[in-house]
Amino acid sequence: MSALFARIVVLVSGAAILVVETLATRLVAPYVGLTLESTTAVIGVALAGIAAGAALGGRWADVLPPRQVAAGALLVGGLGVLGVRPLVRLLGPVLGAGPAAALLLVAASTLIAVTALAMVTPAVTRARLSDVSRAGTVVGSLSAAGTLGSLAGTFLTGFVLVTFLPVSAILLVTAAACLLLAPVVAAARPRRATTGAVTAAVVLSLALVAVPGRCDVDTVYYCARVEIDPARPSGRVLVLDDLRHSYVDLADPAHLEFAYTRRFADAVDATFPAGAPLAAVHLGGGGFTMPRWLAATRPGTRSTVLEVDRGVVELARRDLRADAIPGMELRVGDARTTVGDLPAGSADLVVGDAFGARSVPWPLATAEFVDGMRRVLRPGGVYVLNVIDNDPRRLLAAEAATVADRFPHVALLVRPDQLAPGGGGNAVLVASDHPLDLDAMEVRAAARGEPGSVLGPDAVRLLSGDADVLTDDHAPVDQLLTPYRAA
């Protein structure tokens, strides 16, 4: 085996491992959520597979022909890559959500592929070691090639491939590269093994595209779909990964289904004159529920929407008539950076409803970001922020402390049962540099069935307790979040 060919083989196997690892987070998110636990499970399982593969590959290459070990590893690894997505889609609904389910789902779907592909480097290294005096050069050059392959797999997948290709196509190309390389590495083609491998590859390739999943669209960030509300024929629900993210009624743009959006509306209507048009900034587009509601109830409103995921935008345009919302300007990009392009004092209202899985993305949760919201708001403007958390509500406490650290007037809109032991869900923080009309908010909340759900500054301070203010230097949002209700 020539030095150049050996480096190519190791580079391809290293790239394939990182393609699988990068895509695994996206694949399991519709079933276990995109949380710190699921991301940790993907990294941990990949490292375990790499360690096991390195040990097994080296051991087998000492007792079997190294080229045959490398070829077999590429074959099994390629077939394993084909099986990742079907296994996730078959096992995901069975395992459910939670940290343990995330670990099991990732391991069951990716461990075989990663372990097999990690066996390639030690086997190829053993095949190249004909002279002990040059062992360091051989080991070093192949280790470098494997690392370069890992970098290529990471950057190509994250920056290029997921933008232009569906996940199934990326997996097919990755598996094909491994499977086509295997017989070349082996330099032999036993008919029975070849026939079996081809059959397995065909079956798994069909399963890769045929086993149904939960997505209408694989966006850069989400498995996204739009569902029809069976109780309301014109109602549509946008589901991102495993969460019902937005609800819109195509026949009634003023309809607000989710409780937290009604709390947004209470804050707006209690602060500004009825029907008066506003200048609004929306952090996160999703189903574009609030821009739609503002356009319907306050004609002439100008809404600027900052949405990071172009795929979600395209889905909303196709299935949720987002393009028909009057007065809406859409800017695709990360809200932390794009909000800096907005003029100071240009908005009456900022609506914070951007989520990375179950929590506000940490760059949008810090005091420095809240300072940016104060800059954009006019005097008397209002910042409303949706926060999801469950008992013991450490994230909600920290976010309340952070907003209260920057705004002199803060209220919390949340039902009393949500603050009871074991409770949780969506809560809305309302902040302004002018006093808030809490009585008007309470009247509106009671009228729609949530009496006692408006908490003033004293209650917010009590809820915050000794929670730290989140900053760019320290914002452990995922660690503070309690994403699952207690049984």
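The values are calculated or read from the model by the stated rules, or taken from the named source; none is laboratory data. It should be emphasised that the depicted structure is a prediction, and the values quoted were computed from it without experimental measurement. We place every Cβ from the backbone using ideal geometry, glycine too, and count neighbours over all the protein chains shown.
Some notes on this structure:
- For the range 70-84, the condition holds for at least one residue, the condition being that it is small (Gly, Ala, Ser), under 26 Å from Thr195 (Cα atoms) and in contact with a Cys (Cβ under 7 Å, 6 or more places away or on another chain).
- Of all positions in the range 309-317, none carries a residue that is within 21 Å of Leu377 (Cα to Cα) and not hydrophobic (A, V, I, L, M, F, W, C).
- All told, Thr366 falls short of being under 28 Å from Ala29 (Cβ atoms) and either at pLDDT below 90 or of a type in the set (Phe, Trp, Tyr) (or both).
- Annotation: Ala259 fulfils all but one of (1) farther than 24 Å from Asp348 by Cβ; (2) in contact (Cβ under 8 Å) with a residue 12 or more places away in the chain; the unmet one is (1).
- Close Cβ contacts (under 8 Å, 6 or more residues apart or on different chains) running from residues in the range 448-472 that are touching a residue at least 60 places away in the same chain (Cβ under 8 Å) to residues that are part of a loop (DSSP other than H, G, I, E, B) and not hydroxyl-bearing (Ser, Thr, Tyr) comprise Glu450/Arg415; Ser453/Val414; Ser453/Arg415; Leu463/Arg393; Leu470/Ala365.
- Contact map, the range 275-289: first residue at positive phi and in the same structural domain as Val313 (by TED's automatic domain parsing), second residue of a type in the set (Phe, Trp, Tyr) and not in a strand (DSSP E or B), Cβ cut-off under 9 Å, separation 6 or more or different chains; pairs are Gly284/Phe355; Gly286/Phe355.
Residues checked against (1) buried (at least 20 other Cβ atoms within 10 Å of the Cβ); (2) part of a strand (DSSP E or B); (3) polar (S, T, N, Q); (4) out of contact with any helix residue (DSSP H, G or I) (no Cβ under 6 Å at 6 or more places or on another chain):
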position: Val162; (1), (2), (3), (4): yes, no, no, yes
position: Val185; (1), (2), (3), (4): yes, no, no, no
position: Ala200; (1), (2), (3), (4): no, no, no, no
position: Ala224; (1), (2), (3), (4): yes, yes, no, no
position: Val248; (1), (2), (3), (4): yes, yes, no, no
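- Residue match in the range 192-202 (condition: assigned by TED's automatic domain parsing to the domain that holds Arg317 and in contact (Cβ under 8 Å) with a residue 60 or more places away in the chain): no
- Scanning the range 226-265 for residues that are under 25 Å from the mean Cα position of the chain (by Cα) and more than 22 Å from Gly425 (Cβ to Cβ) returns Val226, Ile228.
- Filter pass, Ser359 being over 20 Å from Pro457 (Cβ atoms) and either among the polar types (S, T, N, Q) or surrounded by 17 or more Cβ atoms within 10 Å (Cβ to Cβ) (or both): yes
- Condition met for Val63 (out of contact with any helix residue (DSSP H, G or I) (no Cβ under 7 Å at 6 or more places or on another chain) and closer than 30 Å to Ser2 by Cβ): yes
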